[in-house]
Amino acid sequence: MSMTLTIGAVPHFKTRGFSGQHTLERCEDMGCTVTPGGAADCGRLACPSCGFSGSNLTAPDGFDGDQLARCACGHAWNPRPNREQVAA
Ligand SMILES: [Zn+2]
Ligand SMILES: [Zn+2]
C-alpha cells in the first residue's frame, strides 16, 4: 500500500464514549481524511483541525444565524459536509 497522503490532510478519527472516557479509533475507511470544510472522506462531519468526529463536535443548528460547527479542541468552522454536492 502506498502512502498518498496529501500535504495538510488530516486523518479522520472517531471518538467514542463520554467526556473523560473518550477512546479514539481510526476511521474504518482506510486513508480517510478530513477536508478544510470538515468533510471526512467517509461522509461524516469531522474537525478539520484535529480530525476528530463524534461527541467532541457541536453541529450548527442555525439558531441566531449560527452556522459554525465547533470542536472541543477550540476550532470552529463553517461546515461543508458534502464535498460533491452544492446546496440548492
Ligand atoms: Zn472517516
Ligand atoms: Zn478539533
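The values are calculated or read from the model by the stated rules, or taken from the named source; none is laboratory data. This one's a predicted model, so the numbers in the text were calculated from it and none came from an experiment. Reconstructed Cβ throughout: ideal geometry from the backbone, glycine too, with neighbour counts over all protein chains shown.
Which residue, of ARG70, ARG80, is more than 12 Å from ligand 1 (Cβ to nearest atom) and part of a strand (DSSP E or B)?
On the way: ARG80 fails: part of a strand (DSSP E or B).
Answer to the check: ARG70.
So which residues in segment 44-59 are assigned to a loop (DSSP other than H, G, I, E, B) and more than 9 Å from the chain's Cα centre (by Cα), if there are any at all? Walk me through how you get there before you give the answer.
From segment 44-59, those assigned to a loop (DSSP other than H, G, I, E, B) are 44, 46-51, 54-56, 59; that's our starting set.
SER55, ASN56, ALA59, listed by residue number.
Just to be sure I understand, how many residues within segment 48-75 are farther than 15 Å from THR23 by Cα, of a type outside the set (A, V, I, L, M) and surrounded by fewer than 20 Cβ atoms within 10 Å (Cβ to Cβ)?
Residues that pass the stated criteria total 14.
Considering only segment 30-60, how many residues are near ligand 2 (Cβ under 9 Å from one of its atoms) and free of Cβ contacts under 8 Å to residues at least 24 places away in the same chain?
Residues meeting the conditions: 1.
Taking segment 5-20 as the search range and keeping residues that are of a type outside the set (Gly, Ala, Ser) and closer than 13 Å to GLY54 by Cα, which one is modelled with the lowest pLDDT?
Going through segment 5-20, the residues of a type outside the set (Gly, Ala, Ser) turn out to be 5-7, 10-16, 18.
When the remaining residues are screened for being closer than 13 Å to GLY54 by Cα, the result is 12-16, 18.
Details: HIS12: 95, PHE13: 93, LYS14: 89, THR15: 78, ARG16: 75, PHE18: 62.
Among those that are of a type outside the set (Gly, Ala, Ser) and closer than 13 Å to GLY54 by Cα, it is PHE18.
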